[in-house]
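Asks: Okay, handing you the structure first.
FYI, it's all coordinate maths here, none of it is from the lab. This is a predicted model, so every value here is computed, not measured. Backbone-built Cβ (ideal geometry, glycine too); neighbour counts: all protein chains shown.
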Amino acid sequence: LARLRARLVKSNNALGKGLLVLLSQDKIDDDVWDDIEETLLLADLGTDATTELVDSLRERVKIEGHRDAEGVRSMLREELTKLIDPSMDRSVASDRRGDRPAVVMVVGVNGVGKTTTIGKMARVLVAEDKDVLLGAADTFRAAAAEQLQTWGARVGVPTVRSDVDGADPASVAYEAVKAGIDQEVDVVMVDTAGRLQNKVGLMDELGKIKRVIEKQAEVDEVLLVLDATTGQNGLNQAKVFSEVVNVTGIVLTKLDGTAKGGIVVAIQRRLGVPVKLVGLGEGADDLAPFVVEDFVDALLE
Ligand code: GDP
């Protein structure tokens, strides 16, 4: 945990340090406010959130006057926390619903880290003594099912997949959920394909997977995986996916590879859906629940 925290700090240091230095100056004139705005935009906070944050900071500085370093830190802590909204439910469905498992669908563009995230999540759930089953509904790339199964074997959970290349993804998802119900597991996680270049095909496919699963069990969670290093691109992807499926939570991966932690804020605002988990590396333990207070503390470390 300390190691993950250190990575979170590293990825956010530029933003937090910049703000602390700028706001601790004796005189905060328009030039300084411009610099603050630029710092926020550079950290991928997005224009809406940047404007809102700058406005509220300006208002407070005007009313409350100059603050020492500790005062600036606590003001920033309050305002950033408000912006990221600690009241959102960030739990991930992983408990049985009556006589069936929780069903989690994982969506996102190829390469963002879907399969890796499922592997990491499975490991966390196994450590919590939960029975997990994986479904390899990304049947488009032969390697995808293989990779998921490898992760499953690594963390000790079974994977339902098709032996045929290009099998119907919805039928694999159906079989996985059926196996999960029969085997009375706690949670079934379904990996899906993410060929965004074929938007219509993708919409049809994801929609169909969901409908077919729902012949047996509700889909309790649709996690959208986004790569934090892709900035605005990630936001556009988020929009496309949220038009297709009802996204219930975001997993932001590769936060270890960017200094632009502000993307958390921008994505949440765009989708109105909470960031629930963050990926901080390629290893099996490099996944953390998103805790607003920890994130803000890491920003201001
Ligand atoms: P998928 O196509 O969406 O299933 O993506 P993969 O799970 O295959 O991941 C693509 C690449 O991103 C792999 O090399 C992963 O090791 C890497 N990756 C996934 N999550 C993270 C993360 O949080 N941090 C870093 N640095 N790399 C990650």
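Asks: Within region 182-220, what residues put their amide N at less than 13 Å from the label point 7 Å along the Cα-to-Cβ vector of ASN236?
Replies: Once the point is set 7 Å along Cα→Cβ of ASN236, 196-199 turn out to lie under 13 Å by backbone N, inside region 182-220.
Asks: Next question, about the same structure. Rounded to the nearest 500 deg cm²/dmol, what is the calculated helix-only ellipticity per residue at 222 nm for the chain, with -39500 (n - 2.57) per DSSP H run of length n ≥ 4?
Replies: -17000 deg cm²/dmol
Asks: Another question about this same structure. Where does each of VAL132, VAL200 land when they are ranked from fewest to most other beta-carbon atoms within 10 angstrom?
Replies: Arranged by neighbour count, lowest to highest, VAL132, VAL200 become VAL200, VAL132.
Asks: Starting from the Cα-Cα distance between ILE63 and GLU38, subtract it from 0.36 nm times their residue separation and give me the gain in nm to one decimal.
Replies: Additional length available on full extension: 6.7 nm.
Asks: Run through every distinct alpha carbon pair of region 102-185 and return the Kirkwood hydrodynamic radius in angstroms, one decimal place.
Replies: This gives a value of 12.8 Å.
Asks: To the nearest 20 debye, what is the magnitude of the charge dipole of region 124-277 about its Cα centre, counting +1 on the Cβ of each Lys and Arg and -1 on the Cβ of each Asp and Glu?
Replies: In total the dipole reaches around 820 debye.
Asks: Oh, and also: Test of understanding: ordering MET75, MET105 by Cβ neighbours within 10 Å, fewest first, what list do you get?
Replies: Lowest count first: MET75, MET105.
Asks: Still on this model: If I model a spin label as a point 7 Å beyond the Cα along the Cα-Cβ vector, how far apart are those points for GLU128 and ARG195 in nm?
Replies: Rounded to a tenth, the inter-label distance reads 3.5 nm.
Asks: By how many nm would the segment from GLN216 to ASP163 lengthen if fully extended, with 0.36 nm per residue of separation less the alpha-carbon distance?
Replies: 16.8 nm
Asks: From largest to smallest, what semi-axes in whole angstrom does region 25-71 give when each is the square root of 5 times an eigenvalue of its alpha carbon gyration tensor?
Replies: Semi-axes (√(5λ), whole Å): 19, 11, 10.
Asks: Using the Cα centre of the chain as origin and beta-carbon charges of +1 (Lys, Arg) and -1 (Asp, Glu), tell me which of VAL273, ALA102, SER242 is placed farthest towards the positive end of the dipole.
Replies: So the residue furthest toward the plus end is ALA102.
Asks: On a 21 Å Cα-Cα criterion, which of the cross-link pairs LYS178/LYS199; LYS114/LYS254; LYS17/LYS239 come out too long?
Replies: Over 21 Å Cα-Cα: LYS178/LYS199; LYS17/LYS239.
Asks: Only four residue types carry charge here, +1 at the Cβ of Lys and Arg and -1 at the Cβ of Asp and Glu. Report the dipole size of region 13-58 about the Cα centre in Debye, rounded to the nearest 20.
Replies: 260
Asks: While we're on this one: Work out the P(r) tail for the chain: percent of alpha carbon pairs separated by more than 29 Å, whole number.
Replies: 38
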